[in-house]
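Following: one structure in structure tokens, then a few remarks.
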């Protein structure tokens, strides 16, 4: 005797049934509009009498750590570029990777800000 097959998938709902479910509920847009209507100023710290954004401080710290990490790693590495194998100083590879990351991050940030 074969065991019974149990269907654990959720029930299928048609688009019209979903519309009926949501049309009965009133939309509460007033509270959300109140929460998001005011512009918040970015978080800042006062450094030597000047207000500096926390994001700026974080970027400066991360940039300093990246430069230090690049300067400390002075050995050579072999990198396979599809077919050829290239031997380069590790600091050059890290610097190129850092620059590519900064360019890509800047591009994505601008693209996201336009939306």
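The values are calculated or read from the model by the stated rules, or taken from the named source; none is laboratory data. Small disclaimer: the values here were computed from a predicted structure and weren't measured. Ideal geometry is used to build each Cβ from the backbone, glycine not excepted, and the neighbour counts take in all protein chains shown.
Across the range 78-103, the number of residues qualifying as free of Cβ contacts under 8 Å to residues at least 12 places away in the same chain and either surrounded by 11 or more Cβ atoms within 10 Å (Cβ to Cβ) or part of a helix (DSSP H, G or I) (or both) comes to 8. One residue stands out among those in the range 43-68 that are in contact with a helix residue (DSSP H, G or I) (Cβ under 9 Å, 6 or more places away or on another chain) and loosely packed, with under 11 Cβ neighbours inside 10 Å: the one that is farthest from residue 109 (Cα to Cα), which is 47.
Per-residue answers, yes or no, for (1) at pLDDT 90 or above; (2) in contact with a helix residue (DSSP H, G or I) (Cβ under 9 Å, 6 or more places away or on another chain); (3) on the phi < 0 side of the Ramachandran plot:
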{"position": "74", "(1), (2), (3)": "no, yes, yes"}
{"position": "80", "(1), (2), (3)": "yes, no, yes"}
{"position": "94", "(1), (2), (3)": "yes, yes, yes"}
{"position": "99", "(1), (2), (3)": "yes, no, yes"}
{"position": "105", "(1), (2), (3)": "yes, no, yes"}
{"position": "113", "(1), (2), (3)": "no, no, yes"}
